[in-house]
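**Q** Please find one structure pasted underneath; my questions will follow.
The values are calculated or read from the model by the stated rules, or taken from the named source; none is laboratory data. Just so you know, these numbers come straight off a predicted model, no measurement behind them. Note that we place each Cβ from the backbone using ideal geometry, even for glycine, and neighbour counts take in every protein chain shown.
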Amino acid sequence: MVPQSKGKIFLAAERGLNELSWFRSYNTFNFGRYYNEHKTPFGALYVLNEDTLAGGHVITMNVEEDSDIILIPVVGAIACDNDVITAGQIQLLSMKAGTSFSVANPYETELVKFLQIWIKGTTSSRLIDFDLDAEKNQLLELCKGVMIGKFGGREEAVYKLSGPGNSMFAFVIEGVFEVQYRLLHAGDSLGLSEIEEVELEALSNNAIILMIEILPTCK
């Protein structure tokens, strides 16, 4: 019998959209002008945006709650907090309520794409390096509770949650995965609760997935 788990799928095609002539943001949860009663936060995780920024432009974000902000370049590089963040790096920003941060496209004409993830609570700001190609077919911990992995087709992994009552949120950056018996394409997300471990299998080559473990006290 297939183990049952409580889950909610957030389809890429059903994400919100905030758009300007030089900026486009697809929103998994309610953000900016986008609101949907079914797109409320998943515990402490309350922003997961896939953003595209035109060359030479800067976008400023206002933070309303104490949060850890995670910025992950997907295409190209971005500039933030006096650092240029390239593929194979993430920027972790520890932000207080009422503050703001800016993300810039350092190129003159090229588009850049990046993920921004906001999680309630603060740790410490830092730039983190990782290498998906050197450590394929496994989940790499970027910071506490946040993992990323690049997998070949039909490669599998199992992630055991660190504590009882914790939940898991998965987002497919590239490719196709089956996560806990649910099919997810690029841009799709899955929130899982009442679960002790998560099984995943890549169904395409060079598939990339982001996974975030959420503590029960934050739900």
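**Q** Can residue 137 be described as surrounded by 12 or more Cβ atoms within 10 Å (Cβ to Cβ) and under 18 Å from residue 215 (Cα atoms)?
**A** The answer is no for residue 137.
**Q** Select, from 165, 191, the only residue that is of a type in the set (Gly, Ala, Ser) and either part of a loop (DSSP other than H, G, I, E, B) or assigned by TED's automatic domain parsing to the domain that holds residue 50 (or both). Full working, then the answer.
**A** Working: 191 fails: either part of a loop (DSSP other than H, G, I, E, B) or assigned by TED's automatic domain parsing to the domain that holds residue 50 (or both).
Answer to the check: 165.
**Q** Follow-up question, since we're still on this one. Using the structure shown, decide if residue 191 is within 19 Å of the chain's Cα centre (by Cα), more than 23 Å from residue 39 (Cβ to Cβ) and either surrounded by 18 or more Cβ atoms within 10 Å (Cβ to Cβ) or modelled with pLDDT under 95 (or both).
**A** Judged against the criteria, residue 191 is not a match.
**Q** Give me a count of the residues in the stretch 21-53 that are of a type outside the set (Val, Ile, Thr), at negative phi and surrounded by fewer than 18 Cβ atoms within 10 Å (Cβ to Cβ).
**A** Pass one, the stretch 21-53, residues of a type outside the set (Val, Ile, Thr): 21-27, 29-39, 41-46, 48-51, 53.
If we keep only those that are at negative phi too, we end up with 21-27, 29-31, 33-39, 41-42, 44-46, 48-51, 53.
Subsequent filtering for residues that are surrounded by fewer than 18 Cβ atoms within 10 Å (Cβ to Cβ) retains 21-24, 30, 33-39.
Count: 12.
**Q** Moving on to the next point. Take the residues in the stretch 144-166 that are more than 22 Å from residue 29 (Cα to Cα) and crowded, with 16+ Cβ neighbours inside 10 Å, then tell me which one is farthest from the chain's Cα centre (by Cα).
**A** 155
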